[in-house]
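For reference, the structure is listed below as structure tokens.
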Amino acid sequence: MKSYNPTTPSRRQMKGYDFSELSKSGPLKSLTSFHKRSFGRNNKGRVTSHYRGGGAKRLYRQIDFRQDKFNIPAKIAGLEYDPYRTARIARLHFTDGEVRYIIAPQDLKVGETVVTSEKSPLKPGNRMKLKNIPQGTIVYNIELFPGQGGKIVRSAGSGATVLASDGGYVQLVMPSSEIRIVSEECYASIGQVSNMEHRLINLGKAGRSRWLGRRPKVRGSVKNPVDHPYGGGEGKQGRGTRRPKTATGKITGGRKTRNKKKKSGKFIMRRRTK
């Protein structure tokens, strides 16, 4: 972590990243592209996610979540920053000459070699089928269906624990404490996602939030009645409704929002406890 001298009130509590261990070279041009962002609007231009907009321009790094080059070793050429995700990414140089980006696990070093195969050594960065991963191993970038590519456990510092295997499925303890079963034919990467200190970041000032595309958020009670169910009234007024509601009038505040008829619900053995 990087601390700042208290030259201003906002600098006093500010915490930032330490980029000293990352590669000094910029991102690979052939694996970057510019994505036009919607700023919280849908295809009709209406705001569906409030308090989003602006932000610094950034290039999207094309990450290989499938990692489908089997039995071909790749050397870690560098660890880089990705503005679109909290984790660090690693640049892989395969022996056949191809270059790809993957999500970097914790403790991965430049110069090391990683490989994707049905059964590979238990070292951070290697990728294999869940049925070949022993119990108690921490994994990340996990597929939900075979061949789909990693969909879950991809944010900084996260990792799922392999609990047990039974009937063609593997039980995983997710970072949220939820227990989920996944097909044993799915692939997962060994290790814990890098940049664990991300949770310690203190933005320190409103400007850094604006750089990230987060606009100021205000209370519903100070809005007009047309904009929020809590709005209106003379001076400070109560919200005027027994149950808390969102700006669109939907009940919130601890209410379960997951669809009980969702097909993937059968893969959840235990709901999260927090």
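The values are calculated or read from the model by the stated rules, or taken from the named source; none is laboratory data. If you're wondering where the values come from, they're calculated on a predicted model, not measured in any experiment. Counting neighbours? That spans all protein chains shown, and the Cβs are built from the backbone with ideal geometry, glycine included.
A few remarks follow.
- Condition check for ASN43: surrounded by fewer than 11 Cβ atoms within 10 Å (Cβ to Cβ) and in contact with a Ser or Thr (Cβ under 9 Å, 6 or more places away or on another chain): no
- Residue match in region 27-41 (condition: modelled with pLDDT under 95, of a type outside the set (Phe, Trp, Tyr), in a loop (DSSP other than H, G, I, E, B) and within 21 Å of THR116 (Cβ to Cβ)): yes
- Sub-7 Å Cβ pairs linking a first residue in region 147-160 that is within 12 Å of ALA104 (Cα to Cα) to a second residue that is of a type in the set (Gly, Ala, Ser), at least 6 apart or interchain, are ARG154/ALA87; SER155/ALA87; ALA156/ALA87; ALA156/SER194, ordered by first then second residue.
- Within region 77-101, the set of residues being under 22 Å from LEU144 (Cβ atoms), touching a Phe, Trp or Tyr at 6+ places or on another chain (Cβ under 8 Å) and in a strand (DSSP E or B) comprises ILE89, ARG100.
- Strands (runs of 3 or more DSSP E) contained entirely in region 104-217, each with at least 1 residues that are aliphatic (A, V, I, L, M) and over 20 Å from the mean Cα position of the chain (by Cα): 127-129, 160-166, 169-173, 179-183
- Residue in region 206-221 that is within 25 Å of GLY40 (Cβ to Cβ), buried (at least 16 other Cβ atoms within 10 Å of the Cβ) and free of Cβ contacts under 8 Å to residues at least 40 places away in the same chain present: yes
- For ARG154, the stated conditions hold: it is buried (at least 17 other Cβ atoms within 10 Å of the Cβ), out of contact with any helix residue (DSSP H, G or I) (no Cβ under 6 Å at 6 or more places or on another chain), at pLDDT 95 or above and under 30 Å from GLN67 (Cα atoms).
- Any hit, region 131-140, residues being among the small types (Gly, Ala, Ser) and under 24 Å from TYR17 (Cβ atoms): no
- Pick from region 55-76, criterion outside any loop (DSSP other than H, G, I, E, B) and without any contact (Cβ under 8 Å) to a residue 40 or more places away in the chain, ranking: farthest from the chain's Cα centre (by Cα): LYS75
- Of all residues in region 157-173 being polar (S, T, N, Q) and more than 16 Å from ARG271 (Cα to Cα), the one that is surrounded by the most Cβ atoms within 10 Å (Cβ to Cβ): SER158
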